[in-house]
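Structure, as structure tokens:
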């Protein structure tokens, strides 16, 4: 399938409701309870079946459809978090944000207004900066994120150890959370383990929350605990599921 055809089909998907949202739990390692979820988009393609983000996010970024897709994901995420809050469970929500979205006019002010209109506690909202493309205008991105941080939202550096992410971004973007990429957590290298220990210490010295991604086996979870990570996320702790399934999970944890 050509990229041009995929662009056309993605635009149709946004019009026809083929884009759905799944939520993956994040667990607090001190309490073993679900404290947040990451919103993840899926495309229910009529011919190709369920497509994961890697299959269409780059196309959305290249075509400019990332604006529509991003707005949709933010709206659905806020609605889900509000529903959980209204049901008596205040759970955090993490939304992936492309650097390209940070360059869109009105992105920051519109997000602040959307959270306020939903009467959602902004401290429950985390923006995960996914550097699938490099941040070309760092000063501009910082300016966009500043009012969001001032409103109480958390900026997270996603996939540390992969792509363009680096510890320098923590200071550059005023991040309050660092997510360690699965490739580092799942490495058997002692050198990598020592590096991760230094990274966690670096983050905690700056009061930055650390989330371990890619926790798929018991040894990954133990490493996250040994490193002193604050939260963990991965198939061992919960796969991406529907809003209804997250609601059921939260209800079970309240028992």
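The values are calculated or read from the model by the stated rules, or taken from the named source; none is laboratory data. Just so it is clear, the structure is predicted and the values come from calculations on it, not from any experiment. Here the Cβ is made from the backbone with ideal geometry for all residues, glycine too, and neighbour counts use every protein chain on show.
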**Q.** Given (1) outside any helix (DSSP H, G or I); (2) touching a residue at least 40 places away in the same chain (Cβ under 8 Å); (3) surrounded by 15 or more Cβ atoms within 10 Å (Cβ to Cβ), number of the condition residue 239 does not satisfy
**A.** (3)
Q. Looking at (1) crowded, with 16+ Cβ neighbours inside 10 Å; (2) over 16 Å from the mean Cα position of the chain (by Cα); (3) under 23 Å from residue 40 (Cβ atoms), which is the one condition that is false for residue 110?
A. (1)
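State whether one or more residues within the range 174-183 are surrounded by fewer than 22 Cβ atoms within 10 Å (Cβ to Cβ), closer than 21 Å to residue 224 by Cβ, at pLDDT 90 or above and over 16 Å from the mean Cα position of the chain (by Cα). Write out each step before concluding.
We begin by selecting, within the range 174-183, every residue surrounded by fewer than 22 Cβ atoms within 10 Å (Cβ to Cβ); these are 174, 176, 181-183.
Filter once more, keeping what is closer than 21 Å to residue 224 by Cβ: 176, 181-183.
Imposing the further condition that a residue be at pLDDT 90 or above reduces the set to 176, 181-183.
Then drop every residue that is not over 16 Å from the mean Cα position of the chain (by Cα), which leaves 183.
Yes - at least one qualifying residue is present in the range 174-183.
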Q: Pull up the range 27-62, narrow it to residues that are under 15 Å from the mean Cα position of the chain (by Cα) and in a helix (DSSP H, G or I), then point me to the one that is surrounded by the most Cβ atoms within 10 Å (Cβ to Cβ).
A: 57
Q: Could you tell me whether any residue of the range 6-26 is farther than 23 Å from residue 79 by Cβ, touching a helix residue (DSSP H, G or I) at 6+ places or on another chain (Cβ under 7 Å) and surrounded by 14 or more Cβ atoms within 10 Å (Cβ to Cβ)?
A: yes
(Q) Looking at 246, 157, can you tell me which residue is touching a strand residue (DSSP E or B) at 6+ places or on another chain (Cβ under 7 Å) and assigned to a helix (DSSP H, G or I)? (A) 246
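Select, from 215, 200, the only residue that is assigned to a helix (DSSP H, G or I), farther than 23 Å from residue 98 by Cβ, in contact with a strand residue (DSSP E or B) (Cβ under 8 Å, 6 or more places away or on another chain) and at pLDDT 95 or above.
200
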Q.
Suppose we filter 65, 102 for residues that are touching a residue at least 40 places away in the same chain (Cβ under 8 Å), buried (at least 19 other Cβ atoms within 10 Å of the Cβ) and farther than 30 Å from residue 227 by Cα; which single one remains?
A. 102
